[in-house]
Amino acid sequence: MNLPKRMLVANVAWAQEIARRDPQFFATLAQGQNPQVLWIGCSDSRVPAESVTHCAPGDLFVHRNIANLFDAGDDNSMSVLEYAVEVLRVKHIIVCGHYGCGGVRASLMPPAPHLPHVNRRIRPLCELAQTHRAELDGIAPEQARIDRLAELNVIAQVQRLREHPIVARSEPPPLVHGWIFSLADGQLRELESGYEHVSATADLGLELALKRA
Ligand SMILES: [Zn+2]
């Protein structure tokens, strides 16, 4: 049996197993979606959002691309963000990168002549690497340097999202979190907590109120 056939057979078994455990599951799913999380992750086949977080269909609104980039000039990224925040009213946005990311590695190497679309797509990563050149040049071996840039990339996307008017002007704004996935042990690590950001903002608000008083 070829691979697509095997996948179709596996789908039947999966649907039957879900329905056996929860007879109302698909009836509920068909009524509409109400996810609380927008997930922005890498297209890498080894970081499937639902699997690594034990989430079910209906839990995550997902956008994946090479190197988990949020690009305000890209209709794909923007339509996903707009729909997630304005219509679905997600409470959380999670940017999830991963160690060993091929897109991040490519941004530290000369552009591949046969991959013009990838080269264009990862240009912001090349610029980010330039911005942090001093720190990155001081890191060895090469894999550690790539992994550090993967972390810096997540943090940059989180900041970009927090500052974007769709997020910032939403009431209440969704919390934006930055995570990174380790292929070596399957675990997620928090780089940026949406909650910390909120408490920092709240502290700042209190500080300003005290100054004004
Ligand atoms: Zn990747």
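Structure notes:
- Region 1-101: trypsin sites (Lys or Arg not before Pro) in DSSP loop, at most 15 other beta carbons within 10 Å: Arg46, Arg89, Lys91
- Estimated distance in nm for a label pair at Arg64 and Gln187, the labels positioned 7 Å out from Cα along Cα-to-Cβ: 2.3 nm
- Within the accessible area of the chain (1.4 Å probe), percent carbon and sulfur: 56 percent
- When the convex hull of its Cα atoms is projected in every direction, mean area for the chain (nm²): 16.6 nm²
- Dipole of the chain, positive end: most advanced residue of Gln16, Ser79, Phe181 [Cβ charges, Cα centre]: Gln16
- Test item: Cα-centred dipole of region 33-196, Lys/Arg +1 and Asp/Glu -1 on Cβ, debye: 240 debye
- Relative contact order [Cα under 8 Å, 6+ residues apart], the chain, whole percent: 19 percent
- Relative intensity, log₁₀ I(q)/I(0), of region 3-78 from a Debye sum that treats every alpha carbon as a point, q = 0.16, 0.23, 0.25 Å⁻¹: -0.79, -1.16, -1.20
- For region 33-196, accessible area per residue (1.4 Å probe, heavy atoms of protein chains only), Å²: 52 Å²
The values are calculated or read from the model by the stated rules, or taken from the named source; none is laboratory data. This one's a predicted model, so the numbers in the text were calculated from it and none came from an experiment. Here Cβ is always computed from backbone atoms with ideal geometry, including for glycine, and neighbour counts include all displayed protein chains. To get the accessible areas, we keep the full protein, side chains included, count just its heavy atoms, and leave off ligands, DNA and RNA. Shrake-Rupley method; radii C 1.70, N 1.55, O 1.52, S 1.80 Å.
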